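Q: Have a look at this one.
What follows draws every value from the coordinates through simple rules; no lab data is involved. Keep in mind that this is a model prediction, so the values were computed, not measured. Here the Cβ positions follow ideal geometry from the backbone for every residue, glycine too, while neighbour counts run over all protein chains shown.
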């Protein structure tokens, strides 16, 4: 049980990286971005392509310290983050900005985002096929001698360090800088922020870039933890939405707390249920939230 | 013989397109007229198909019982199966509606994704209910003995078209009635509709349930056409998303458009496979079908951005005074 809770915290850390972007876009654009999961898949596969490139070139093949992956993967974070952030901005410019400019209700954007999700997944399927991939072959070292019979992979420590480090950076940026303050203002009330002289379009682009960068990291980390497959992001979408709804829409803290709860609940549920039920467990959490506290833990009505 | 081959291909094409047209009409009630986002059509599809399958088949006996497990087997006629499919699908929609329709639009969308995925996972894992991933086979086909097996699809096409025409005219009546006008008023401006004394929540719920019942009928018709169903069929692509593209292409808020879009997009879907397989290099045949994901997705995005009305578009006036 203690092991499941720990692996739930690992999963929750990855979920947080995704849910922050989701809640940010939701707050600013009023858009439920159904393509968020598939943007995650794209990020993970860009890193896979980079790792494959290094492997062809025969460089950066050494394993990083006690971890299962190579130096190549560490470098691969950079192109994945950059491509994913640019992709997010382009998607906004091509799909959602025309809606904003023409004053079309953002509910139409939900449908667009579903279309985007299938185009992205189709691209992954066509390029990489339906096979499962891993970033590296071979054993995944575990840390032994932990109390309560906890088994922990060295990779899990890496995942948590990266996720929490990045979250701290994003938190400092959003809470302590002037740009971050403007971003929060737009997320809180776009019209009012616009009146006070904040360039809301620029902030929107910034939000997409942050969301795209974070989801790419989430994709790679989940690829390290589990495996890469074209449906990996789609299966993450329900837990992500559940985490955002549970935490409360538009709330940074809410996204964090909601994601951790979701991660732990999903992993602990495998003690009784088959692991394939995880998306359904996320859905049940969502249903319970909507029944008991529709505005979420940290949400306002 | 050649002619017969082409004809039978066209007939199966028309049956599937007509079944999709029924789904598209159901979605049109929910999204086209009321503005409700249902991203979980696949769930109602599956519930309709499985309900009718469990209602119309007998419980397996003898050696078959070792291979096929199903919890229910009522051995009822086809029409009872279709009606049961509509009812169960409607009840499911009512439950989701009670949960989400008082909240903003996005919650319904997310919850319908959730319910569709959960139903698929449930059917896959709970083999006691309906044989798990293998699904149910040998579903009865109505009036099977009436014509020679080679001509049976012609008869089934007639049955499906009868349902399609019936649903189409019923919806046209409904949409042109005061009830339909309230739905459209809610879609345009919920607060105004509420200010006019309409119970917005109740009307939304009715719209969701009516749409879902139509989808349940579509699911049942599909089950008895394919005669074999398994959970893997009811994917987000095949069960939900293609129907959104159909309605959008044809014309959101127009029943004729819903039907037209179903036939057009189903033609694109089924015939593009043929062309794609001709042009892809050898070794890529297994990946080629996924080009259709991109194709259907792009069609949806481009139509929404460039021609949101679709081909036909909504009529400005649906009722004459």
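Q: Which order results if A:36, B:224 are arranged by neighbouring Cβ count within 10 Å, fewest first?
A: Least crowded to most crowded, the residues run B:224, A:36.
Q: Taking chain B as a Gaussian network, Cα atoms linked when under 10 Å apart, which of B:115, B:41, B:191 shows the biggest mean-square fluctuation?
A: Maximum fluctuation in the GNM of chain B, among the listed residues, is at B:191.
Q: Determine the distance separating the Cα centre of the range B:161-239 from the Cα centre of the range A:72-126; give it in Å without decimals.
A: 30
Q: Nearest 10 degrees is fine. How inclined is helix A:2-29 to the longest principal axis of chain A, computing both from alpha carbons?
A: Taking the Cα atoms of chain A, the angle to A:2-29 is about 30 degrees.
Q: Another question about this same structure. Given the DSSP H assignment, sum -39500 (n - 2.57) over each helix run of at least 4 residues in chain A and divide by its residue total; what's the result at 222 nm in deg cm²/dmol, nearest 500?
A: About -24000 deg cm²/dmol.
Q: Using a 10 Å cut-off around each Cβ, can you sort A:225, B:188, B:315 from fewest to most neighbouring Cβ atoms?
A: Lowest count first: B:188, B:315, A:225.
Q: How big is the protein assembly as shown by the Kirkwood estimate over distinct Cα pairs, in Å?
A: The Cα-based Kirkwood calculation yields 25.6 Å.
Q: Roughly how many whole Å is it from the C-alpha centroid of the range A:5-30 to that of the range B:40-56?
A: 33
Q: Which residue fluctuates most in the GNM of chain A (Cα springs below 10 Å): A:116, A:124, A:139?
A: In this elastic network of chain A, the residue with the biggest mean-square fluctuation among A:116, A:124, A:139 is A:139.
Q: Just to be sure I follow: if Rg is taken over the C-alpha atoms of the range A:169-301 and Rh is the Kirkwood radius over the same atoms, what is Rg/Rh?
A: 1.02
Q: Could you put B:291, B:22 in order, starting from the residue whose Cβ has the fewest other Cβ atoms within 10 Å?
A: With the fewest neighbours first, B:291, B:22 line up as B:291, B:22.
Q: Where the Cα atoms of the range B:2-233 are projected onto their three principal axes, how long is each span, largest first, in whole Å?
A: Between the extreme Cα coordinates on each principal axis of the range B:2-233 lie 62, 42, 28 Å.
Q: Also, quick follow-up: Rounded to two decimals, what is Rg over Rh for the range A:151-228 when you use alpha-carbon atoms and the Kirkwood radius?
A: Here the Rg-to-Rh quotient is 1.13.
Q: Output the 0 to 90 degree angle, nearest 10, between the alpha-carbon long axis of helix A:154-176 and the longest principal axis computed from the alpha carbons of chain A.
A: Helix A:154-176 and the main axis of chain A meet at about 20 degrees.
Q: Can you give me the pair-distance distribution of the range A:99-184, C-alpha pairs, 10 Å bins, whole percents?
A: 12, 17, 25, 29, 13, 3, 0
Q: Under 10 Å, Cα contacts only: if you run a Gaussian network model on chain A, which one of A:207, A:130, A:243 comes out with the highest mean-square fluctuation?
A: Of A:207, A:130, A:243, the Gaussian network model singles out A:130 as fluctuating most.
Q: Ignoring everything except DSSP H segments at least 4 long, calculate the 222 nm mean residue ellipticity for chain B; use -39,500 (n - 2.57) per segment, divide by total residues, nearest 500.
A: Computed ellipticity for chain B at 222 nm equals -22000 deg cm²/dmol.
Q: With no solvent and one point on each alpha carbon, what is the Debye value of log10 I(q)/I(0) for the range B:16-56 at q = 0.18, 0.25, 0.30, 0.35 Å⁻¹?
A: One equal scatterer on each Cα of the range B:16-56 leads to -0.57, -0.89, -1.02, -1.09.
Q: Quick one: the Cα spread of the range B:202-242 along its three principal axes, in angstroms, biggest first?
A: That works out to 37, 20, 15 Å along the principal axes.
Q: Calculate the tail of P(r) for the range A:96-248: the fraction of all Cα-Cα distances greater than 24 Å, expressed in %.
A: So the pairs more than 24 Å apart make up 51 percent of the total in the range A:96-248.
Q: Using Cα centres only, tell me the gap between the range B:57-106 and the range A:224-301 in whole Å.
A: Result: 28 Å between the Cα centres.
Q: Related question: Could you give me the radius of gyration and the Dmax of chain A, taking only the C-alpha atoms into account and expressing both in angstrom?
A: Calculated on Cα positions, Rg and Dmax stand at 19.0, 61 Å.
Q: Suppose a student asked you for the relative contact order of chain B, using Cα pairs under 8 Å spaced at least 6 residues apart; what percent would you report?
A: 31
Q: Specify the angular offset, from 0 to 90 degrees and rounded to the nearest 10, of the alpha carbon long axis of helix B:178-188 from the longest principal axis of the alpha carbons in chain B.
A: The helix B:178-188 is inclined about 80 degrees to chain B.
Q: Using a 7 Å offset from the Cα along the Cα-to-Cβ direction at both residue B:74 and residue B:179, what is the distance between the two label points in nm, to one decimal?
A: Going by the 7 Å Cα→Cβ label model, 2.3 nm.
Q: What's the percent breakdown of Cα-Cα distances in the range A:31-142 across 10 Å bins, shortest bin first?
A: Bin by bin from 0 Å, the calculated values are 13, 36, 28, 16, 7, 1.
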